[in-house]
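Okay, so here's the structure we're looking at.
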Amino acid sequence: MQERQFNQDFFQFLTDSPTPFHAVAVMAEKLQEAGFHKLSETQEWHLKPGNAYFIIRDNGALAAFTLAAENHQDQGFRFLGAHTDSPSLQIKPLAGKTTHSYFQLGVEVYGGPLLATWFDRDLSIAGKVVCTTADNQFATLLIDFKRSVAVIPSLAIHFDREANNGRAINKQKELVPIFSQTADGDPLNFSSILVEQINREHPEKKAAAILGFDLFFHDCQPPSFLGMNSEFITGGRLDNLLSCFTGYTAMIETKIANSANGNSLLVCSNHEEIGSLTASGAKGNFLQSILERITPDPLARQRSLRKSFFISMDNAHGVHPNFSDKSDPEHLPLLNHGPVIKTNANQNYATTSVSTAIFKTLAAEAGVTTQDFVMRSDMACGSTIGPFTAATLGIPTVDIGAPTLAMHSIREITGSRDPFLLYRTISHYLSREHLPQTEG
């Protein structure tokens, strides 16, 4: 696959994936087209050596794995981890209210978005809705309005002369999108609007009543190249759909090329941005339960894990040219210069000297340079799914990611070469005959 085509496919994935639920649905469709067999957690599994499978939990988490053609229970796993969620504004259960003729939808802040970037944007609504159908059955359906339906207008500077001096944003009062304008005495019913939207997108379901929903606002502007020479990519949810896309594309391409070696497993968890402690999050039992079913014998499973390696993929901070003092002066990752290895002395990242050596070897063999990131010693460091996964599985883990600017903005920025450089490294990782060994 060529870099330009890879990026175009990535743009389409971003556009089709406004929520974790949509991202999982797209990944599942692509995996199934490539010959991965869908499994259900409620049914018995009959796994065959050399085959490929995937599982979905709660619409928001997905795992895909391939088994070695021979003795798969005696071999280790090449793990890849990412997350499907991004900071956003989630619509409250009883959201609708009318203020001075404007119909507004109340929201909660999901994760840690850069709130100022959500003002004056063309916003749409997407997510998961649970409803009853005309024959009185339950249905869980995905919807996406796919057009501008709301806006959070800024207050004119004439009413707030301190607007440019770092004023705090009140999440309850100031982050309430305008959805429509109503005629006097004619209030809108948001549930009825959702029923209409479901019946437009899923006419065969004949939705009757809304029972619940997980709906999010998202930016309508599609991803695009940026810069005089298209050096950059800008778009929403790069953190962390870039890693999800890279992971599942590498899994598919190595399977199609029949170049995968041993067992491999990609897990894309939900809810990383809010702590991962959910049924579909990395701190839930999703991955553990899958491994128990692949290798039921606990001793054989432990032997397999001792031979395994985990790459935790989550976007990394690139040095900002206007705020370079916010970065450690010796660790200044640049866009378009390769994947970033993230390290933290307190193990907020799971990277160790051993896992660093393994990843650097893999990247070098793929013709890809790597970069290093540590947080300034006088600033708090974030974390990823890496440390918890490493502690739970007890295997070497490295935290890496594509360098990114404006992380958690409604539109983030990465280098136009960075997704493909990460893909090349991950593809080599999945297809290498044996992983590098650094311990006796």
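Just so it is clear, none of the values below were taken in a lab; they were calculated from the coordinates. As the structure is a computational prediction, the values presented were derived from the model and not from experiment. Neighbour counts run over all protein chains shown; Cβ positions are idealised from the backbone, glycine included.
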For this session: Determine the calculated [θ] at 222 nm for the chain from helices alone, applying -39500 (n - 2.57) to every DSSP H run no shorter than 4 residues and normalising by the residue count; nearest 500 deg cm²/dmol.
Result: -8000 deg cm²/dmol
Exercise. Using the eigenvalues of the Cα gyration tensor, what equivalent ellipsoid semi-axes result for the chain when each is taken as the square root of five times the eigenvalue, whole Å, largest first?
Worked result: 38, 28, 18
Exercise. Setting aside same-chain residues fewer than 8 positions from Lys342, which lysines have a Cα under 22 Å from its Cα?
Worked result: Lys283, Lys326, Lys360
Exercise. What is the total of Lys pairs in the range 88-219 with C-alpha atoms under 18 Å apart, excluding same-chain pairs fewer than 8 positions apart?
Worked result: 8
Exercise. If you take the beta carbon distance between Thr369 and Ser180 as r and set R0 to 56 Å, what does 1/(1 + (r/R0)^6) give as a FRET efficiency, to the nearest 0.05?
Worked result: 0.65
Exercise. Which far-off residues, 5 or more places away or on another chain, put their amide H under 5 Å from the one on Thr404, with H placed in the peptide plane?
Worked result: Ala316, His317, Gly318
Seminar exercise, completed: Computed over the chain: longest principal axis from alpha-carbon atoms vs helix 20-33 long axis, angle to nearest 10 degrees, is 50
